[in-house]
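Before any comments, here is the structure.
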Amino acid sequence: MDRRAFGLTAAASLAVAGCGRGPQVSRFKTYDGPEVTSIVVNKGARKVYLLHGEEILREYKMDLGFAPLGHKRIEGDGKTPEGLYRIDRRNPNSAFHLSIGISYPNAEDRAHARAMGKRPGGEIFIHGEPNNEKDRKRAARVSDWTAGCIAVKNDEIEEIYAMVRDGTPIALRA
C-alpha cells in the first residue's frame, strides 16, 4: 500500500471511529453568577433552593430518604436530617452521578444516637441519579428512594456541583 492510500485509509478510520460516540459532554459545569450563600431544603415541599442572600437563584424538585418524616436520629432509619449543617465535601466518583456532602452528624446528633445506644449514621449527600442501571430504574419508579440523602436529576446535580462551594450553610426543614 502506498503512502497516499495508507494516509487516506487512516484518516477514514479515525473519522468513522469518532462517529459512534457523539459529543462528549462534561459533567463538570462552570458557574460565574452570584455566589450561593446558602441552601434551603424544604422536605415537605420536596424542594431544594440555592440562595444568594434572600434571592432564590435556583429551585429543584427532589427525592428524600425512604422514611422522610422527622429528623434523622440513627443509622438505617431512612430519614433525611433536619437542622443547620454545612456542605463539607464533594465526590466526583460517587455511586450517584455526582454528590456533595452535608456535615451530618453534628455533635448533638452523635450525642442523641449515643444516648439511644445507636450510631447516628452519616454519608448524607445531595446527589444525582444512581450510576447503576438497575438502581436508576428503581429510583425512577419510586419517590423518596434514598437512604437519607437528597436526590435530584443528573443535570441538576451538575449545576449544583458547579454553583455550591464547600462551607456553604444548608438548612434542612420539615
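Coordinate-derived values only; no laboratory data. Just so it is clear, the structure is predicted and the values come from calculations on it, not from any experiment. We place every Cβ from the backbone using ideal geometry, glycine too, and count neighbours over all the protein chains shown.
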| request: Return a yes/no flag: does the range 93-115 have any residue that is touching a Cys at 6+ places or on another chain (Cβ under 7 Å) and either of a type in the set (A, V, I, L, M) or at positive phi (or both). | output: no
| message | With the requirement that a residue be in contact (Cβ under 8 Å) with a residue 12 or more places away in the chain and out of contact with any Leu (no Cβ under 9 Å at 6 or more places or on another chain), what does the range 143-160 give you? | response | 147, 152, 153, 156
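Per-residue answers, yes or no, for (1) in contact with a helix residue (DSSP H, G or I) (Cβ under 7 Å, 6 or more places away or on another chain); (2) within 14 Å of residue 37 (Cα to Cα); (3) surrounded by 13 or more Cβ atoms within 10 Å (Cβ to Cβ):
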| position | (1), (2), (3) |
| --- | --- |
| 138 | no, no, no |
| 145 | yes, no, yes |
| 148 | no, no, yes |
| 159 | no, no, yes |
| 164 | no, yes, yes |
| 169 | no, yes, yes |
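Please enumerate the residues belonging to the range 116-138 that are closer than 11 Å to residue 149 by Cα and of a type in the set (A, V, I, L, M). Before you say what the answer is, go through the steps one by one.
Here is the first cut: in the range 116-138, the residues closer than 11 Å to residue 149 by Cα are 122-128.
Listed by number, the residues that qualify are 124, 126.
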| remark: Apart from one, (1) closer than 23 Å to residue 45 by Cβ; (2) in contact with a Gly (Cβ under 8 Å, 6 or more places away or on another chain); (3) in contact (Cβ under 8 Å) with a residue 60 or more places away in the chain all hold for residue 126; the odd one out is (2)
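With the structure loaded, tell me whether residue 119 is under 26 Å from residue 34 (Cα atoms), surrounded by fewer than 19 Cβ atoms within 10 Å (Cβ to Cβ) and touching a residue at least 40 places away in the same chain (Cβ under 8 Å) or whether it fails that test.
Working: under 26 Å from residue 34 (Cα atoms): no; surrounded by fewer than 19 Cβ atoms within 10 Å (Cβ to Cβ): yes; touching a residue at least 40 places away in the same chain (Cβ under 8 Å): yes.
Taking the combined requirement at face value, the residue does not satisfy it.
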